[in-house]
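Written out below as structure tokens is the structure these notes cover.
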């Protein structure tokens, strides 16, 4: 983090972790058993790949999801963003930068990338190079 950014306290980190776990559960519940199995397979493949391709993995998941699953997953993403933004806004030092929770660019508009983020990284950190 840059010197001007707020470093979360242990209590804030616990809240973020709880929000992340809740979002992960909701997003997984939106998927069919076959698509949960596919997500597990894709995440496992990325974990052992010598040169993981996160974009291709996200695309593979997106291609498999139904329109309803995509809508539900993006709804979970929107809810998580809203909660994290509210939490960060109330904990941000006066005059500090607003920050952008889950501000990983346009890839978070992609249900597959969001599912990978929830499934692959503690606290929803971004993959190295999506």
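Worth pointing out:
- The modelled label-to-label distance between residue 18 and residue 41, using points 7 Å beyond Cα along the C-beta direction, is 3.7 nm.
- The convex hull drawn around the Cα atoms of region 1-73, when projected onto a plane and averaged over every direction, covers 7.0 nm².
- Residue 53-residue 7 pseudo-label distance in nm [points 7 Å out on the Cα-to-Cβ vector]: 3.9
Every number in this text was worked out from the coordinates using simple rules, so none of it is lab data. Being a predicted model, the structure only gives us computed values, none of them experimental. Every residue, glycine as well, gets a Cβ built from its backbone with ideal geometry; the counts of neighbours run over all protein chains shown.
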